[in-house]
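The values are calculated or read from the model by the stated rules, or taken from the named source; none is laboratory data. No experiment lies behind these values; they were computed from the predicted model shown. Glycine also receives a Cβ, built like all others from the backbone with ideal geometry; neighbour counts cover every protein chain displayed. Surface accessibility is based on the protein's heavy atoms, side chains included, excluding ligands, DNA and RNA. Shrake-Rupley method; radii C 1.70, N 1.55, O 1.52, S 1.80 Å.
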Amino acid sequence: MNRFFTPLFGLLCLACFGAQALPAASSTARLAGAQGDKPERREKKKPVLDVAALKRRMKARYATLARLREQGLVGETWNGFVDVLKKSAASRLVDPKDKSKGTVAQLLAKEVADRRLLYAHLARQLKTRPETIGVQSGVRHLARAKPEHWFRLKDGRWAQRKRIRRKKGA
């Protein structure tokens, strides 16, 4: 009701007394603030993910990861990440001729971090959980894998693709 009468009162004052009868806009704002209006809430800006840069980084590592997969040093996991098959492989250099490329563990840490960012980004878009996206990615990696590639199953065991049997009804 007040929203209706305030503008009506302003028009009535303007018609009867002219513009001098109306309060200034700044005093109206001060009065509104003094009446206990809540201050404006600032929304926190979420950091924007540079998806293009993320894809470039992952694409640059793809050939190296594929080579390590072929050598049997790394494998995919059921939840969409990569891991070393044996702890001894983690300390090996990615490229023995070029020490600047780092170790297998360092390469995998970067890949896992980027996959976490990607899964979180996709989960926000699809309004689901990142874990769900990761599991779907793990299933996709399993379906596309060569028979000699290794996978860590949900129970923690490592198995080659050719030895994994799909459960009936799953």
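Would you check if there is a residue in the range 99-108 being on the phi < 0 side of the Ramachandran plot, part of a strand (DSSP E or B), open to solvent by less than 100 Å² (accessible area, probe 1.4 Å) and not hydrophobic (A, V, I, L, M, F, W, C)? First the steps, then the outcome.
If we filter the range 99-108 for residues that are on the phi < 0 side of the Ramachandran plot, which is where we start, we get 99-101, 103-108.
This time we only want the ones that are part of a strand (DSSP E or B), so: 103.
Still in the running and open to solvent by less than 100 Å² (accessible area, probe 1.4 Å): 103.
Next, from what is left, pick out any that are not hydrophobic (A, V, I, L, M, F, W, C): 103.
Yes - at least one qualifying residue is present in the range 99-108.
If LEU118 meets every condition in (1) crowded, with 17+ Cβ neighbours inside 10 Å; (2) touching a strand residue (DSSP E or B) at 6+ places or on another chain (Cβ under 9 Å) apart from one, which number is that one?
LEU118 satisfies all of (1) crowded, with 17+ Cβ neighbours inside 10 Å; (2) touching a strand residue (DSSP E or B) at 6+ places or on another chain (Cβ under 9 Å) except (2).
Applying the selection to the range 155-167, what residues are of a type outside the set (A, V, I, L, M, F, W, C) and either under 19 Å from LEU68 (Cα atoms) or open to solvent by 70 Å² or more (accessible area, probe 1.4 Å) (or both)?
Those that are of a type outside the set (A, V, I, L, M, F, W, C) and either under 19 Å from LEU68 (Cα atoms) or open to solvent by 70 Å² or more (accessible area, probe 1.4 Å) (or both): ASP155, ARG157, GLN160, ARG161, LYS162, ARG163, ARG165, ARG166, LYS167.
Residues being in a helix (DSSP H, G or I) and open to solvent by 40 Å² or more (accessible area, probe 1.4 Å): count how many of those fall in the range 122-154.
Qualifying residue count for the region: 15.
Does VAL94 satisfy the condition of being modelled with pLDDT under 95, touching a Leu at 6+ places or on another chain (Cβ under 7 Å) and β-branched (Val, Ile, Thr)?
On the way: modelled with pLDDT under 95: yes; touching a Leu at 6+ places or on another chain (Cβ under 7 Å): yes; β-branched (Val, Ile, Thr): yes.
Yes; evaluated as a whole, the condition is true for this residue.
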